[in-house]
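One structure is given here, and the rest of the page talks about it.
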Amino acid sequence: MDSDAQSATSRAVKIVRRAEWGARPPQSISRLQEPVTYAFIHHSAGTEPKDLESGKRTVRSIQNYHMDTQKWSDIGYTFLIGGDGSVFEGRGWGIVGAHTMNYNSTGYGFCFLGTFTNSLPTLAARNAAKALIAEAAAAGRLKKDYKLKGHRQMGSTECPGTALYNEIKTWPHFSP
Ligand SMILES: [Zn+2]
C-alpha cells in the first residue's frame, strides 16, 4: 500500500490499534497475498458495546476466547466494529485470519460487535465498516471487483444475523 492510501485510511476511519485495546501478542502470524477476493461480514453474537471502553473490554474477551478456548493463534477477525463506530484492529491487514473456514487466505473478516438477528448495528458502526471496506478496496487490499458476503453464505451458521444479513445485501459489491 502506498503512503497516500495509508494516510487516506487514517484520515477517514479511526482505527483502535492493538496496543490501544490491550491485545495479547499473536502466537504466530501467516501472511496472505493481497488483493483478496472477499470481504466477509460477521457478528460476534454478544452484547453491542456502546462506547470505546466497553468496546475494548469486549474485544479483549473475544481474543481470550479465541486463544484460550478455541486455541487459535490470535483473535480470529481482521477488524471488529463497536456500536460507537470504533474500528478495532484484529489480525489486521495482510494477515491470514480465523473467521471464515476455507476462505481465510482469500478474504478479510469484519465483525460487528453485538447480536444482529432482529436489529441492526448502529449507523455509526455501519458507516465505519463501509468506509473501512471502501478504503481497503481503494488501497488495493481487496480486488477491484471484490465480493462482499455474509458468513452464512460460506458455511453452516446464522452469522451475521438475519437483520444484518438483509442490510448488507444493499451494500456495494454484495454477492448473492
Ligand atoms: Zn461469522
Which of the residues that make up the stretch 156-171 are without any contact (Cβ under 8 Å) to a residue 60 or more places away in the chain and within 8 Å of the ligand (Cβ to nearest atom)? T157
Could you say whether any residue in the stretch 8-19 is at pLDDT below 95, assigned to a helix (DSSP H, G or I) and polar (S, T, N, Q)? yes
Tell me which residues, restricted to the stretch 131-163, are open to solvent by less than 30 Å² (accessible area, probe 1.4 Å), in a strand (DSSP E or B), of a type outside the set (S, T, Y) and more than 15 Å from G94 (Cα to Cα). L148, K149, G150
Tell me which residues, restricted to the stretch 13-28, are loosely packed, with under 13 Cβ neighbours inside 10 Å and either in contact with a helix residue (DSSP H, G or I) (Cβ under 6 Å, 6 or more places away or on another chain) or not basic (K, R) (or both). A19, G22, P25, Q27, S28
Tally, over the stretch 71-87, of residues that are surrounded by fewer than 20 Cβ atoms within 10 Å (Cβ to Cβ) and either within 13 Å of the ligand (Cβ to nearest atom) or β-branched (V, I, T) (or both): 0
Residues located in the stretch 99-112, provided they are open to solvent by 20 Å² or more (accessible area, probe 1.4 Å) and either on the phi < 0 side of the Ramachandran plot or within 11 Å of the ligand (Cβ to nearest atom) (or both): M101, Y103, N104, S105, T106
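Out of curiosity, is T115 modelled with pLDDT of 95 or more, within 13 Å of the ligand (Cβ to nearest atom), surrounded by 23 or more Cβ atoms within 10 Å (Cβ to Cβ) and outside any strand (DSSP E or B)?
Numbers: modelled with pLDDT of 95 or more: yes; within 13 Å of the ligand (Cβ to nearest atom): yes; surrounded by 23 or more Cβ atoms within 10 Å (Cβ to Cβ): no; outside any strand (DSSP E or B): yes.
For T115, the condition - modelled with pLDDT of 95 or more, within 13 Å of the ligand (Cβ to nearest atom), surrounded by 23 or more Cβ atoms within 10 Å (Cβ to Cβ) and outside any strand (DSSP E or B) - is not met.
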Taking the criterion of being out of contact with any helix residue (DSSP H, G or I) (no Cβ under 6 Å at 6 or more places or on another chain), in contact (Cβ under 8 Å) with a residue 60 or more places away in the chain and within 14 Å of I15 (Cα to Cα), would at least one residue in the stretch 95-102 satisfy it? no
Hey, L148 of a type in the set (A, V, I, L, M), at pLDDT 95 or above and out of contact with any Asp or Glu (no Cβ under 6 Å at 6 or more places or on another chain) or not: yes
All conditions in (1) in contact (Cβ under 8 Å) with a residue 60 or more places away in the chain; (2) β-branched (V, I, T); (3) farther than 18 Å from E158 by Cα are true of T47 except (3)
Of all residues in the stretch 36-89, which are part of a loop (DSSP other than H, G, I, E, B), farther than 16 Å from R18 by Cβ and not β-branched (V, I, T)? S44, A45, G46, E48, P49, K50, D51, Q70, K71, G83, D84, G85
Specify the residue that is surrounded by the most Cβ atoms within 10 Å (Cβ to Cβ); the eligible residues are those in the stretch 29-50 that are within 16 Å of the ligand (Cβ to nearest atom) and small (G, A, S). A39
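The values are calculated or read from the model by the stated rules, or taken from the named source; none is laboratory data. What you see is a predicted model; the values in this text were computed from it and never measured. Glycine gets a Cβ as well: all are built from the backbone with ideal geometry, and neighbour counts include every protein chain shown. These area figures cover heavy atoms from the full protein model, side chains too; ligands, DNA and RNA do not enter into them. Shrake-Rupley method; radii C 1.70, N 1.55, O 1.52, S 1.80 Å.
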